[in-house]
1. Here are labelled values, (1) 87, 54, 36; (2) 79, 50, 43; (3) 73, 50, 35, and one is the computed Cα extents along the principal axes in Å for what I pasted. Which one?
2. Using a Gaussian network model of the chain with C-alpha springs under 10 Å, which one of Pro154, Pro355, Pro304 is most mobile by mean-square fluctuation?
3. Taking the Cβ of Met307 as the center, what net charge do the other residues with Cβ under 11 Å away carry, scoring Lys and Arg +1 and Asp and Glu -1?
4. Counting DSSP beta bridges in the chain, what percent are antiparallel, to the nearest 5?
5. Running a GNM on the chain with Cα contacts under 10 Å, which residue among Glu49, Glu72, Glu333 ends up with the highest mean-square fluctuation?
6. Among Leu101, Leu326, Leu270, which comes first, then next, by fewest other beta-carbon atoms within 10 Å?
7. How much net charge surrounds Pro14 when only the other residues with a Cβ under 14 Å from the Cβ of Pro14 are counted, with Lys and Arg +1 and Asp and Glu -1?
8. Only Cα pairs under 8 Å and at least 6 apart count here; give the relative contact order of the range 321-362 as a rounded whole percent.
Amino acid sequence: MSSTPLQSATPRAPATAAVRAGIESDGQFGAIVPPLHLSANFSFAALGERRTYDYTRSGNPTRDLFGAALAELEGGAGAVVTSSGMSAVRLVLELVPRSGLVVAPHDGYGGTFRLLKALERQGALTLELLDFADGPAFERVLARGPSQVWIESPSNPLLRLVDISATAARARDAGALVVVDNTFLSPLLQRPLDLGAHIAVHSTTKYLNGHSDIVGGAVVCRAAELVEQLTWWANCTGVTGAPFDAWLALRGLRTLDVRLTRQQENARVLAHRLLASPAVSRVHYPGLDNHPQFELAQRQQRGPGAMLSFELEGGRDAAARFAKGLAHISLAESLGGVETLLAHPATMTHAAMTPEAQARAGIGPGLLRLSVGIEHTLDLEADLSRALERAT
């Protein structure tokens, strides 16, 4: 079963919608916090009389509350909650016909790259990895009639932006389904469906949950017909998320606005500290006015986000020195949690890419990615300063 948006008696801001997600929805006992429905199956009222739910793979009330909250936040007709971000990506790719053309960013997430390349090798789809900043190349690939156009904005890990409205309009004219990975910003900072996309994809592991204690994903669709198709595929393939994970994600969602506010404040401070260091050759953060797409970020995002990356002058050796001895920053994959995380894309998040693909994407040995958390700003700044001294 898919999740349709929650209905509110009065219009409300996205921050309020996130806080009120699932609150006071228990009609049996009036619980403020919604109960967790762990049952794998549900009884029939009588022979041939199915209730709303029959089997949790097909539908679950806890999972549907979370999905309905996401659909409301993204402005979609409904959502399908999945077991991981990658199963959400795979679910959307079920809509691609055999050997259909998929256009994806050349500098996107390494896990998506790995999946697309594997499906290409199987002959399941035809893949074109593209620099979306190359307008003529984009026009040439649109002339080939793509089935899907995938957008990451901001991109992982270089925080490059794509003009979603313009790109989606051209892709729609070419008959393509437009999909935007909105994991880095969440619907509180960017709403791709309002910008013309058909589908928004999330790894709910990240900002939506925000506490690094679940793995999950979600697909939100603008049209009810797409929700129906993906709901069928999710039930058929069994990629739907677990109720307990949905319950935790729903709890995490309620603090999304306050977390993002603090995370962005910290990210701005750290970005400026990095910009001032002689150990750093380049900082990638859409909140800096020297970012090449700063104006685009101001136009299509409600904030710069809390992800940033930077390149060290000393390459991989400098990156190793930087990462060794951190006190308030953890060296780990993933992002979006309340804790600050450091990743080395070339050997961690994007290790599935060949050296040639990494070079084409601009992922060098001295590139580091920060997911900025909610720790005290002064502690993070001091930890960063000591790491930069080691890297110099």
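1. Computed from the coordinates, Cα extents along the principal axes in Å corresponds to (3).
2. Pro355
3. On the way: positive: Lys206, Arg369; negative: none.
Net of charged neighbours comes to +2.
4. DSSP beta bridges in the chain are roughly 60 percent antiparallel.
5. Of Glu49, Glu72, Glu333, the Gaussian network model singles out Glu49 as fluctuating most.
6. So the ranking, lowest neighbour count to highest, is Leu326, Leu101, Leu270.
7. Details: positive: Arg12, Arg20, Arg191, Arg254, Arg259, Arg302; negative: Glu72, Glu74, Asp194, Asp257.
For residues surrounding Pro14, the net value is +2.
8. 25 percent
Every number here is computed from the coordinates shown, using simple stated rules; none is lab data. A quick note: this is a predicted structure, and the numbers were derived from the prediction, not measured. Positions of Cβ are generated from backbone atoms using ideal geometry, with glycine treated the same way; all protein chains shown enter the neighbour counts.
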